[in-house]
Amino acid sequence: MSRGVRGLRVGRVICTALLVLGISGHLIAQTQAKQPGAAKNAVAKNSSARASAAPVDITALKAVGTKAAPITMEVFSDFQCPACRELYFQTVRPVIDNYVSAGKVYLIHRDNPLQQHPHSREAARYANAAARVRKMEKVVVALFDKQANWAADGNIDGVVAAALTPAEMNQVRKLVRSGTLDAGIDRDLALGNQFRVTQTPTTIITYKGQTYPVVGVVTYNMLKTFLDQLLRQ
């Protein structure tokens, strides 16, 4: 059963069953969004009809922190998206340093490559391959840091190779060439559809079964205030 998403509006505080802080300059969707469990179950049911081709769920390999954390953040991102780059360095990294490391947030990267970005899916393949060899964070940092370079020339392989050891890169290349990684990317896209993700970045914050979709780039200080508010409930 899905639950309604609590709306967050610009510059005002909404007092409902929970006190929810407005996040400046960003729209928090007020449409009905499914709980993560319901969304994942729906994706799983759709996949069961073709079990032989079902993607391997590598969510844990694309996540940082402990699953026991009270808050889960799922960041639907496109590696070629400038706004996603901004969110990662401005907000996600401090969240990892201050909330994930403290066991308060479980952070999951979700792939949402946009069709208008010609190299974004290939970048997602490399990131997913790196996740399988337990080196995703290194590759995520490299892809966002050198985004302007590979977005211009398509040389994703060179950017990733500079971040990994030769042995690690050999494993990543083998996985990328295997043609098995798109299924996992498509699974993230399907989950995004369940959450009605229509643009990147979109962050789905889940706390005590309630989902809060945050659309666009939000500063760390604004997100920190919201996370602290949830944790005080």
How about segment 154-202: which of its residues are more than 21 Å from residue 138 (Cβ to Cβ) and either among the hydrophobic types (A, V, I, L, M, F, W, C) or in contact with a Ser or Thr (Cβ under 9 Å, 6 or more places away or on another chain) (or both)? 183, 187, 189, 190, 191, 192, 195, 196, 197, 200, 202
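May I ask you to verify whether residue 60 is among the small types (Gly, Ala, Ser) and surrounded by fewer than 16 Cβ atoms within 10 Å (Cβ to Cβ)?
yes
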State whether the residues of segment 122-137 include one that is without any contact (Cβ under 8 Å) to a residue 60 or more places away in the chain, assigned to a helix (DSSP H, G or I) and not small (Gly, Ala, Ser). yes
What are the residues in segment 166-182 that are modelled with pLDDT of 95 or more and small (Gly, Ala, Ser), if any? 167, 178
Condition set touching a Leu at 6+ places or on another chain (Cβ under 9 Å) and of a type in the set (Val, Ile, Thr), scope segment 217-233, selection surrounded by the fewest Cβ atoms within 10 Å (Cβ to Cβ): answer is 225
Within segment 68-88, can you find the residues that are hydrophobic (A, V, I, L, M, F, W, C) and under 22 Å from residue 121 (Cβ atoms)? 75, 76, 79, 81, 83, 84, 87
Any residue in segment 89-106 that's under 18 Å from residue 142 (Cα atoms): show its pairings with residues that are acidic (Asp, Glu) and part of a helix (DSSP H, G or I) at Cβ separation under 9 Å, as long as the two are six or more apart or on different chains. 89/145; 96/137
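Looking at 110, 121, which one is surrounded by 22 or more Cβ atoms within 10 Å (Cβ to Cβ), modelled with pLDDT of 95 or more and either hydroxyl-bearing (Ser, Thr, Tyr) or closer than 22 Å to residue 83 by Cα (or both)?
Details: 121 fails: surrounded by 22 or more Cβ atoms within 10 Å (Cβ to Cβ).
From the options 110, 121, the qualifying one is 110.
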Taking residue 184 as meeting all but one of (1) under 23 Å from residue 86 (Cα atoms); (2) touching a Pro at 6+ places or on another chain (Cβ under 6 Å), write down the number of the exception. (1)
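The values are calculated or read from the model by the stated rules, or taken from the named source; none is laboratory data. Keep in mind that what you see is a predicted model, and the values were worked out from it rather than measured. Glycine also receives a Cβ, built like all others from the backbone with ideal geometry; neighbour counts cover every protein chain displayed.
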